[in-house]
1. Describe numerically, in nm with one decimal, the distance between label points set 7 Å from Cα along Cα→Cβ at GLN105 and at ARG276.
2. Place a point 7 Å from the Cα of HIS197 along the Cα-to-Cβ direction; which residues of the range 255-278 have their backbone N under 20 Å from it?
3. Please list, by residue number, every one of the chymotrypsin sites (Phe, Trp or Tyr not before Pro) in the range 95-187 that is coil in DSSP and has at most 10 other beta-carbon atoms within 10 Å.
4. Going by C-beta contacts inside 10 Å, put ASP43, ASP122, ASP211 in order with the fewest on the left.
5. How much length, in nm to one decimal, is gained on full extension between GLU250 and SER171, taken as 0.36 nm per residue of separation minus their Cα-Cα distance?
6. In what order do ARG249, ARG58 fall by count of nearby beta-carbon atoms within 10 Å, going from fewest to most?
7. Could you please rank TYR243, TYR253, placing first whichever residue has the fewest other Cβ atoms within 10 Å of its Cβ?
8. Taking a 25 Å limit on the Cα-Cα distance, which of the listed pairs LYS74/LYS196; LYS47/LYS196; LYS47/LYS230 fall beyond it?
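Just so you know, all these numbers are worked out from the coordinates, no wet-lab data involved. Quick caveat: nothing in here was measured; it's all calculated off a predicted structure. Note: ideal-geometry Cβ built from the backbone for every residue, glycine included; neighbour counts use all protein chains shown.
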Amino acid sequence: MHVAVRNIRFRKLGRRYLDLEFSTADGLDVRIVERPGLWMPADETAKMVAEFGCVVSRALGGRGLRYGVFTGDKASLQQAVVTLLHEPSSGRSIAFNALSLLRVQLRGRDVDVIHLGLAMVDPDFRGRGLSAVLYGLTCLLLFFRNQLRPIWITNVSQVPSMVGLVTETFSNVFPSPDPRKRRSYDHLVIAREIMKHHRAVFGVATEAGFDEQRFVITNAYTGGSDDLKKPFADTPLHRIEAYNQMCHRELDYEIGDDFLQIGQIDVAAARNFLLRSVPRVWLRSLLYPLASLLLDASLLPMLHWLTPSRKMGDLRPCK
């Protein structure tokens, strides 16, 4: 799938927010929007939420979801990073992913964690490798915007294929079927912060429990995500059997358990994603947006500091 970048637009409201649009050679339009609840007009956000609902309805056989961005809640849209795919010929929305940037306290400072959120693809368009756009590419753009500094990610799922995808794509992921991967202090602190402050983002109510040893959310489908609950027999399996076995062994599908996965996107994860998951024909087209984001986030501030004769306004430190 070849990607032709159409335009990159940045909105500014105290800082710059990503608004990227591009087209693919097989006829899909992609838009990635950061924190639309902070700058996008109300009618546009309402249209976006309605498009989420159309994809959800087709994917879940007419059922809907009642939490987070799917309700049109402004606070949820203020921390969301949305990827939306359209079929240009019909204007039909055919897939989306709604990531969230969650603020947590880690080692005495505030950090943003990327919650991978929910990705859905219209049944008519499954099997086309759209997960690379819906998950990896969005995280990659945010990573480059963060000056290649590692970013913590979280994921909540009971689906073996998704649990395996996250573990295989990102670094330092816990829990994992690999016994060499251990729970660290940072994993535990982030998990506690997520469960204390951000349950509503992934549709988990206060009565749900959390097992800190296994990172399992018990009775998870109680906060608006009820229609996502399914028996193990109906979940898509991963090609590596160890992930299927781990989910079957650790999760109670009758009650409705989920794993809370915590990992990082770092240079190694970004490199592996580019080399293994992105089709070769994408790479040239992705050079411009990635280089532009990195230049804007890293090189321009450095060049400004090296010109002491000019006032720098907001870039100057406070006295």
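1. 3.7 nm
2. 260-265
3. Values: sites: PHE96, PHE125, TYR135, PHE143, PHE144, TRP152, PHE170, TYR185; in loops: PHE170.
Nothing satisfies the criteria.
4. Working: ASP43 8, ASP122 20, ASP211 12.
By the 10 Å Cβ count, ascending, the order reads ASP43, ASP211, ASP122.
5. Working: separation 79, 0.36 × 79 = 28.44 nm, distance 2.17 nm.
Contour length minus Cα-Cα distance gives 26.3 nm.
6. Values: ARG249 8, ARG58 18.
The fewest-first ordering by Cβ neighbours comes to ARG249, ARG58.
7. Details: TYR243 23, TYR253 16.
With the sparsest Cβ surroundings first, the list reads TYR253, TYR243.
8. Values: LYS74/LYS196 20 Å; LYS47/LYS196 31 Å; LYS47/LYS230 29 Å.
The answer is LYS47/LYS196; LYS47/LYS230.
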